[in-house]
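Chemist: Handing you this structure, nothing more for now.
Derivation of every value follows stated rules applied to the coordinates shown; laboratory data play no part. The shown structure was predicted, so the numbers you read here are calculated from the model rather than taken from an experiment. Glycine gets a Cβ as well: all are built from the backbone with ideal geometry, and neighbour counts include every protein chain shown.
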Amino acid sequence: MSTYEPQRTDRARRTERPQWTERPAALDPLAAIRSADGPLCDVYLTGTVFLDIIFTGLDSAPVRGTESWARGMGSSPGGVANMATALARLGLRTSLAAAFGDDHYGEYCWDALEQGEGIDLRPSRRVPGWHSPVTVSMAYEGERTMVSHGHVDSAQEPESARVPDALAAVASLAPGRPAPWIAHAAACGTRVFADIGWDDTGRWDLAALTDLAHCEAFLPNAEEAMRYTGTTCPRAAAHALTEVVPLAVVTLGQDGAYAVDRRTGESAEVPAIEVPALDPTGAGDVFVAGFVTGSLAGWPLADRLAFAGLTAALSVQEFGGSLSAPGWAEIATWWRHVQSYDDQDPAALRRYAFLDALLPDTPGQWPRRRAVPTIGFGARSA
């Protein structure tokens, strides 16, 4: 189990149960640690929800002055919805605070998350007259190019008083822009896991990430980690980051991930799983969701890394960010099938032997719902 146990304050817990959609779960990874007086919410997160329109099957990047035809297309909630969906599909009770436009795109994203995935949207709100942000993603050669459009929501920062009592929270840090809710959540005993985006200012000042002082773990990619620490090796960057945060997890792309825990002195490295990648959209979010799941469940560091890498690998084999996130049915199916292949390295497979004690004997719904080509069919076309 993790040794990071901040003291909880005596603030009253929320007594009104969040509106998760009741559904039979294939597996509850936190069943062993749940208690009657514990938080009703497992993970809280906040951010911007986009409507993602994804084009796949492109042979190359679009060329200026020409028209490109994609062989595949899908639409799904994106942005912070990628991570919220990934967490919910792994059986975690997830609450999301986000703004939703009152247009059709906003209605679609709201219904897909609340009704489709069982995510608690009570911390979220609908904004009259504000149209939903949109991202068009073009996937080719295992990479993606994105074009986004949206307007700033002037009241997007959540009020600390409205942040629910939760086992964990995922925060996206911004240099020089501390978010008061992070310190508030950490002071109340919530374990905060932080990721980061590209620093457009080019400063890469680690001291500007003041909210790291309130976080249990920081999960940048290799390039981000090296730039923030001024190192030339991602593993050295991970060790340097533990001077400001207890646990540093650095993703290494095709080389897997490396993590260092300052509290225990433990480090771990797990190679990536080689899979044919259709669309990498949301893979980083799925990785974080897998790592948070293992952390809350108290798994060893290496198992958490392996599980996070597995869930991310399974997600890139489908297109779309949120709807490609795997659930326990996909994970169980992969584990059964991969052991039947003659060309698998037995030593490599042993890295995932911990799944035997976790996976349900009878997997749940399969396959999971994927990104659909358009919006507006549903009941009217049934």
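Chemist: Can you tell which of 115, 167, 146 lies farthest toward the positive end of the dipole of the stretch 112-220, using +1 and -1 charges on the Cβ of basic and acidic side chains (Lys, Arg; Asp, Glu)?
Modeler: 115
Chemist: With labels modelled as points extended 7 Å from the Cα through the Cβ direction, what inter-label distance (nm, one decimal) is found for residue 264 paired with residue 231?
Modeler: The two pseudo-label positions are separated by 1.9 nm.
Chemist: Right, something else. Based on the alpha-carbon gyration tensor of the stretch 176-305 and its eigenvalue square roots a ≥ b ≥ c, which shape applies: rounded if a/c is under 1.5, prolate if not and a/b is larger than b/c, or oblate? Mind dumping the intermediate values first?
Modeler: Working: a/c = 1.41, a/b = 1.18, b/c = 1.19.
It comes out rounded by the Cα gyration axes.
Chemist: Shifting gears a bit: With r defined as the distance between the Cβ atoms of residue 111 and residue 275 and R0 fixed at 22 Å, what FRET efficiency is calculated, to the nearest 0.05?
Modeler: Numbers: r = 31 Å, r/R0 = 1.39.
Efficiency computed from Cβ-Cβ geometry: 0.10.
Chemist: Scan the stretch 41-87 for chymotrypsin sites (Phe, Trp or Tyr not before Pro) in coil per DSSP, keeping those whose Cβ has at most 14 other Cβ atoms within 10 Å, and list them by number. Mind dumping the intermediate values first?
Modeler: Values: sites: 44, 50, 55, 69; in loops: 69.
Sparse-neighbourhood loop chymotrypsin sites (Phe, Trp or Tyr not before Pro): 69.
Chemist: While we're looking at this one, here's another question. Just check the stretch 294-344 against the gyration tensor rule for me: Cα atoms, a ≥ b ≥ c as the square roots of the eigenvalues, rounded for a/c under 1.5, and otherwise prolate or oblate depending on whether a/b exceeds b/c.
Modeler: Numbers: a/c = 1.99, a/b = 1.09, b/c = 1.83.
Oblate shape, in that a/c is at least 1.5 and b/c is the bigger or equal ratio.
Chemist: Given points 7 Å out from each Cα along the Cα-Cβ axis, report the residue 349 to residue 69 separation in nanometres with one decimal.
Modeler: Here the answer is 4.3 nm between the modelled labels.
Chemist: Hand me the GluC sites (Glu not before Pro) from the stretch 226-319 located in a DSSP loop with no more than 12 other Cβ atoms within 10 Å, in residue order please.
Modeler: Working: sites: 243, 266, 269, 274, 318; in loops: 243, 274, 318.
Filter output for the stretch 226-319: 243, 274.
Chemist: If I model a spin label at residue 339 and residue 243 as a point 7 Å from the Cα along the Cα→Cβ vector, what separation in nanometres do I get?
Modeler: With each label point 7 Å from Cα toward Cβ, the separation is 4.5 nm.
Chemist: For residue 32 and residue 148, what does the FRET efficiency come to when R0 = 56 Å and r is the distance between their Cβ atoms, rounded to the nearest 0.05? Don't skip to the answer; put the middle values down first.
Modeler: Numbers: r = 41 Å, r/R0 = 0.73.
E between residue 32 and residue 148, to the nearest 0.05, is 0.85.
Chemist: Quick check: from the Cα gyration tensor, does the stretch 197-266 come out rounded (a/c under 1.5), prolate or oblate? Show your work: numbers first, answer last.
Modeler: Values: a/c = 1.77, a/b = 1.11, b/c = 1.61.
Cα axes put the stretch 197-266 in the oblate bin.
Chemist: Sticking with this structure for a sec: Which of the GluC sites (Glu not before Pro) found in the stretch 64-140 are loop residues per DSSP with 16 or fewer other Cβ atoms within 10 Å of their Cβ? It would help to have the intermediate numbers written out before the result.
Modeler: Numbers: sites: 67, 107, 114, 117; in loops: 67.
Sites meeting the loop and neighbour criteria: 67.
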